[in-house]
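Just below is one structure, and these are the notes that go with it.
The values are calculated or read from the model by the stated rules, or taken from the named source; none is laboratory data. Bear in mind the structure is a predicted one, so any value in this text is a computation, not a measurement. No Cβ is skipped: glycine too gets one built from the backbone with ideal geometry, and neighbour counts run over all protein chains shown. For accessibility, only protein heavy atoms count, side chains too; no ligands or nucleic acids. Shrake-Rupley method; radii C 1.70, N 1.55, O 1.52, S 1.80 Å.
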Amino acid sequence: MKTSLRCCLLLLLCTLCTSWHIPSLHRAASQALHQTQKACKTALLTTAITTALVIPIPLPSLAATTSLNDAIVEVSESSYPILKALKDDNFQAFSVKIADLLLTINPEKLGKSIELAVDVLDSPPPEKFDQFNSVLKEAFTDLKIDSCTLVPLPPLSIVDRFQAIAVDRVPSAKLKTFEDTWKPSLSALSGSKTDAAICLPPAATLDKLSLAQADLGRSFGSAESKAFGSYTTPMLRQSITLSRVFPLINDAKKLAPTATVGEKAAFQAAGKKIELASKTEVAKGRVVAAEARNAETRAVFATRAAAQEEKRASDIALAKANSDPAVIQAKKEAAKKVAEEEKAAQAAKLEATIAANKAAKEALMK
């Protein structure tokens, strides 16, 4: 349960860094955002992609110069030296500070956000999990903690605190489903991590894994993602003031102290590209969805128009037929024939009645 909740916790940590869409804060906190995103990526979460799909964001121009997959690979490659340079103590202390900030939120509201995050993470179809787990297993099978490059994870001590809220606020059936859904993914990492760190795959493998994570993120349910973003974003804005977030910026700058200026600059530049590419993909998805809705609406109107035209043609044909002299004469003759048949039937009935009465009288006279 702790390992599963750690994934959910990482999503919430990333969400905290990406839920305020205020330009000045975004510029100031860009390094904190991207550092946290990369930390999340090593623990199975597609941060930049997930955020773009889950959190409501302003839409940029659709004319992006970089495709999303190219941007993902660029971030993956530029993040490699940053990940290798993460300092364990600094990263875990940074994670604790973010967790402390989140844990000041009303437990009921935080629990609801965790529940909605679980809904999002459980929403992809099974085949998407199978594809992702195949890539994940391939990436980590040969990585062993005694010989790989380790990158830090948030300490389990803060997971315990979130677990208490989740157990208290999230339906147990949902937590069980979440644990079952992600068990194969976590099993793929079993030999490649400790409670404090996880193996860093080779750069080329990390690129492939990043694309697989993005593909899984694209399959998150739209309804679940919308519910999570609609609730969590305003909740965070109302619960946590900017003045409490700014101190984290300096801490974020200390996460990878040995990374060079050039490496950090390349990483931040790649982060801006993936942010734009992510927003563009979401915008394109909305355009496609709108076009599909419009096509459906046009089809409905076309069907209605065809039905109306058919009825109109039928009415015209009927009116034309009713005005035809031959048809009118035929109707008159048919009506006359029916009247004559009715008259004959009535006469026969009358004769039968008279005969019956006459027979009855004769029987009485005998």
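Residues that are in contact with a Lys or Arg (Cβ under 9 Å, 6 or more places away or on another chain) and in a helix (DSSP H, G or I) within segment 208-224 comprise Leu209, Ser210, Gln213, Asp215, Leu216, Arg218, listed in sequence order. Restricting segment 350-361 to residues that are charged (D, E, K, R) and surrounded by 10 or more Cβ atoms within 10 Å (Cβ to Cβ), which is nearest to the chain's Cα centre (by Cα)? If we take residues in segment 350-361 being charged (D, E, K, R) and surrounded by 10 or more Cβ atoms within 10 Å (Cβ to Cβ), then Glu351 is nearest to the chain's Cα centre (by Cα).
Exactly one residue out of Ala99, Ala93 is in contact with a helix residue (DSSP H, G or I) (Cβ under 8 Å, 6 or more places away or on another chain), closer than 22 Å to Leu153 by Cα, among the hydrophobic types (A, V, I, L, M, F, W, C) and open to solvent by 40 Å² or more (accessible area, probe 1.4 Å), and it is Ala93.
Taken together, Thr297, Thr280, Thr303 contain a single residue that is among the polar types (S, T, N, Q) and in contact with a Leu (Cβ under 8 Å, 6 or more places away or on another chain), which is Thr280.
A quick yes/no check of all residues on (1) within 25 Å of the chain's Cα centre (by Cα); (2) not hydroxyl-bearing (Ser, Thr, Tyr):
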position: Thr232; (1), (2): yes, no
position: Asp251; (1), (2): no, yes
position: Thr260; (1), (2): no, no
position: Ala265; (1), (2): no, yes
position: Lys273; (1), (2): yes, yes
position: Arg293; (1), (2): yes, yes
position: Phe301; (1), (2): no, yes
position: Ala307; (1), (2): no, yes
position: Ala321; (1), (2): no, yes
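Look at Ala321 and say whether it is modelled with pLDDT under 90, aliphatic (A, V, I, L, M), touching a Ser or Thr at 6+ places or on another chain (Cβ under 7 Å) and open to solvent by less than 70 Å² (accessible area, probe 1.4 Å). Criteria not met by Ala321.
When you look at Thr303, is it at pLDDT 85 or above, surrounded by 10 or more Cβ atoms within 10 Å (Cβ to Cβ), touching a helix residue (DSSP H, G or I) at 6+ places or on another chain (Cβ under 8 Å) and among the β-branched types (Val, Ile, Thr), yes or no? Answer is no for this residue. Going by what's in this entry, would Ser314 be described as in contact (Cβ under 8 Å) with a residue 60 or more places away in the chain, part of a helix (DSSP H, G or I), out of contact with any Gly (no Cβ under 9 Å at 6 or more places or on another chain) and of a type in the set (S, T, N, Q)? No, not satisfied. A search for C-beta distances below 9 Å between a residue of segment 225-239 that is without any contact (Cβ under 8 Å) to a residue 40 or more places away in the chain and part of a helix (DSSP H, G or I) and any residue that is among the polar types (S, T, N, Q) and crowded, with 16+ Cβ neighbours inside 10 Å, counting only pairs 6+ apart in sequence or on different chains, returns Pro234/Ser19.
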